[in-house]
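Colleague: Have a look at this one.
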Amino acid sequence: MKIGVIGAGEMGSGIAQVVSQAGHNVVLTDLNQDVLKSSASKLEKIMARLVEKGRITQDNSTAIQGRIQRSTDLKTQSDCSLVIEAVVENMDVKKAVFNELETIVSDESILASNTSSLSITSIAKNCRISDRVIGLHFFNPAPLMPLVEIIPALQTKEVITDKLIKLMIDWGKSPVLAKDTPGFIVNRVARPFYSESLRILEEGLADVDTIDSAMRDKGFRMGPFELMDLIGHDVNYAVTESVFKSFYYDPRYKPSLTQLKLVEANWLGKKSGRGFYKYINDGTRNFYSIGSNKDIQYSIAERVIAMLINEAADAVFWDIASAEDIDTAMTKGVNYPKGLLKWADEWGASKVINIIDSLSQHYGDSRYRVSPILREMARSGEKFYG
Ligand code: NAI
């Protein structure tokens, strides 16, 4: 099976590596020859490191690199039975790419998009054969993160969804099925990690350092502010804004003015040397820490986790995905220490309800709404698992 990848940026390059490592021939295309060249040299370095560490043999490395053909001409993908699009996040650009692609590939070829925020149903609608279009959302870095969200459009044939679930398992990935809704699973369920932490900061309840360490103490690899600094505030703010708009301005997803200011100042995080933290050289960072208070840390972390659990529970309520898939998504796509619904079972629905109800009473803000599914569970004693 020959597979095409369109766009040789951060994601396309990673996806091409995944596909080649799975043993397929890959045709990687990009408009820009320089991007293709740097994608090839980046892969060469990655492979050399893997050989050095003894993870793969020199022969493997040569074979993996040899299976990837690179071109600026989309026509080179004519005999691909699956094409994964990973060009810039812009609907007009994606539509144009799919339109051109459909004049090149066979009618049987499956067309997938790696979009993080655009409607798969809209992309499909614009295609001549809509029922072969699907969302295949990898996580960065694609070769390391096992999660792949599979998002059928309204029009997608079931057999295509089934085929891709099997294929992702063959590639050693952990596929989950998500409804074509804003943010799919991860980018929806993860919003409170950032937004609730930003609220706590904005209110002056704790500083950046304290909130980050409180969340790390709960097992998160990175605190919300260091993670936003790493993702880039431009990117993180844009995702929040897009989810907010797509949910008809539901206050639960409201972006933060504090983060907007960072974007306006071009303090985008690690990549620009300054975000919530200041980065000195590479890796080290500095922050005006005002110490930390363990009592505050405890309640801060529980407040953020309660909002995360509520968001995950609500995604089950709205049938976005199964409880198992939501837990897989958050642990395998963004390294959460535990599935949020498993966490809900451990805490019990009443604990989440008490935290959120007290926030609602305090603030009178409709972002603090308990999901009906949690209230039902508190009444019936049912759990997400067993
Ligand atoms: P990027 O900016 O690194 O790469 C995009 C590439 O597409 C560029 O090399 C550009 O030259 C190329 N391109 C633009 N128009 C093209 C066209 N018409 N034909 C061929 N190539 C074209 O972007 P990145 O970060 O790799 O994102 C790509 C897609 O993946 C976006 O839809 C993004 O939302 C999605 N995504 C990004 C993630 C991330 O963490 N960066 C994670 C998951 C999904």
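Bear in mind that the values in this text are calculations on the coordinates, not laboratory data. On a predicted model such as this, the values are computed, not experimentally measured, just so you know. Here Cβ is always computed from backbone atoms with ideal geometry, including for glycine, and neighbour counts include all displayed protein chains.
Colleague: Need one number for region 25-116: average projected area of the convex hull over its C-alpha atoms, nm². List each step's numbers first, then the result.
Modeller: Working: hull surface 27.0 nm².
Value for region 25-116: 6.7 nm².
Colleague: Using only the C-alpha atoms of region 187-386, find the volume of their convex hull and express it per residue in Å³. Could the numbers behind the result be given before it?
Modeller: Values: hull volume 23.6 nm³, N = 200.
Cα convex hull per residue, to the nearest whole number: 118 Å³.
Colleague: Moving to a separate point now. Out of residues 5 or more away from residue 25 or on other chains, whose amide H comes under 5 Å of its own, with H placed 1.01 Å from N in the peptide plane?
Modeller: When sequence neighbours closer than 5 places are left aside, the close amide H contacts are 3.
Colleague: Still on this structure, I have one more. Through the Karplus equation 6.51 cos²θ - 1.76 cosθ + 1.60, θ set to phi - 60°, convert the phi angles of region 132-138 into ³J(HN,Hα) values in whole Hz; use x for Gly and Pro.
Modeller: So the Karplus estimates, Gly and Pro as x, are 10, 9, 8, x, 9, 9, 8 Hz.
Colleague: Still on this structure, I have one more. May I ask for the net charge around residue 185, where only other residues with Cβ less than 14 Å from the Cβ of residue 185 are counted and Lys, Arg are +1 while Asp, Glu are -1? Before the final figure, lay out each step's value.
Modeller: Numbers: positive: 179, 188, 191, 332; negative: 149, 180, 311, 314, 319, 324, 325, 327.
That sum, taken over residues with Cβ under 14 Å, equals -4.
Colleague: Let me ask another. Roughly how large, in nm² to one decimal, is the mean projection of the convex hull of the alpha-carbon atoms in region 117-173?
Modeller: On the way: hull surface 15.9 nm².
That works out to 4.0 nm².
Colleague: Any idea what the relative contact order of region 187-386 is, in percent, if you count C-alpha pairs under 8 Å spaced at least 6 apart?
Modeller: On the way: 255 pairs, mean separation 44.9, N = 200.
Reported as a whole number, the value is 22 percent.
Colleague: Taking a cut-off of 19 Å between Cα atoms, list the aspartates and glutamates near residue 173, but don't count ones fewer than 8 places away on the same chain.
Modeller: Once the sequence-local aspartates and glutamates are set aside, what remains near residue 173 is 10, 85, 149, 162, 324, 325, 327.
Colleague: Compute the Cα gyration tensor for region 299-370, then decide on rounded, prolate or oblate, letting a ≥ b ≥ c be the square roots of its eigenvalues: rounded whenever a/c is under 1.5, prolate when a/b is larger than b/c in the other cases, and oblate in all that remain.
Modeller: On the way: a/c = 2.07, a/b = 1.64, b/c = 1.26.
Prolate shape, in that a/c is at least 1.5 and a/b is the bigger ratio.
Colleague: In the chain, what percentage of the DSSP-assigned beta bridges are antiparallel, given to the nearest 5? Write down the numbers at each step before the final one.
Modeller: Numbers: 10 of 34 bridges.
In the chain, approximately 30 percent of DSSP beta bridges are antiparallel ones.
Colleague: Oh, and also: From the backbone phi of region 117-126, what are the Karplus-calculated ³J(HN,Hα) couplings (6.51 cos²θ - 1.76 cosθ + 1.60, θ = phi - 60°) in whole Hz, Gly and Pro given as x?
Modeller: Per-residue couplings from phi come out as 9, 8, 6, 5, 4, 5, 4, 5, 4, 7 Hz.
Colleague: While we're on this one: Highest GNM mean-square fluctuation, the chain, Cα pairs closer than 10 Å: which of 191, 375, 49?
Modeller: Among 191, 375, 49, the largest GNM mean-square fluctuation belongs to 49.
Colleague: If you average the C-alpha positions of region 117-190 and of region 54-114 separately, how far apart do those two centres end up, in angstrom?
Modeller: That distance is 16 Å.
Colleague: What list of whole percents do you get for P(r) of region 70-122, with Cα-Cα distances grouped in 5 Å bins up to the one holding the largest distance?
Modeller: Answer for region 70-122: a P(r) of 4, 19, 33, 25, 14, 5 percent.
Colleague: Moving on. Looking at the calculated P(r) for the chain, what percent of the C-alpha pair distances fall above 37 Å? Mind showing how you got there, number by number?
Modeller: On the way: 18696 of 74305 pairs.
Result: 25 percent of Cα pairs exceed 37 Å.
Colleague: Further, regarding this structure: Stokes-Einstein D for region 154-281 at 4 °C, 1.567 mPa s, Kirkwood Rh over Cα pairs, in µm²/s?
Modeller: Details: Rh = 16.5 Å.
The diffusion coefficient I find is 79 µm²/s.
Colleague: Here's a follow-up. Cα to Cα, under 23 Å, and not fewer than 8 places away if on the same chain: which lysines meet these conditions relative to residue 270?
Modeller: Leaving aside lysines fewer than 8 places away in the same chain, those within reach of residue 270 are 42, 45, 261, 278.
Colleague: How far, in nm, would the chain grow between residue 44 and residue 129 when pulled straight, counting 0.36 nm per residue and subtracting the alpha carbon separation? Mind dumping the intermediate values first?
Modeller: On the way: separation 85, 0.36 × 85 = 30.60 nm, distance 3.71 nm.
Roughly 26.9 nm would be gained on extension.
Colleague: I would also like to ask the following. Determine the relative contact order of the chain: mean sequence separation of Cα pairs under 8 Å and six or more apart, normalised by residue count, in whole percent. Working shown, then result.
Modeller: Numbers: 661 pairs, mean separation 47.6, N = 386.
Relative contact order here is 12 percent.
Colleague: Could you work out, for region 2-177, what percent of all Cα-Cα pairs fall into each 5 Å distance bin, beginning at 0 Å and stopping at the bin that holds the largest distance?
Modeller: With a bin width of 5 Å, the distribution comes to 1, 9, 18, 23, 22, 15, 7, 3, 1, 0.
Colleague: Skipping prolines and chain starts, which residues have an amide H placed within reach, meaning under 5 Å, of the one on residue 136, given they are 5 or more residues away or on another chain?
Modeller: For residue 136, the qualifying residues are 113, 114, 115, 151.
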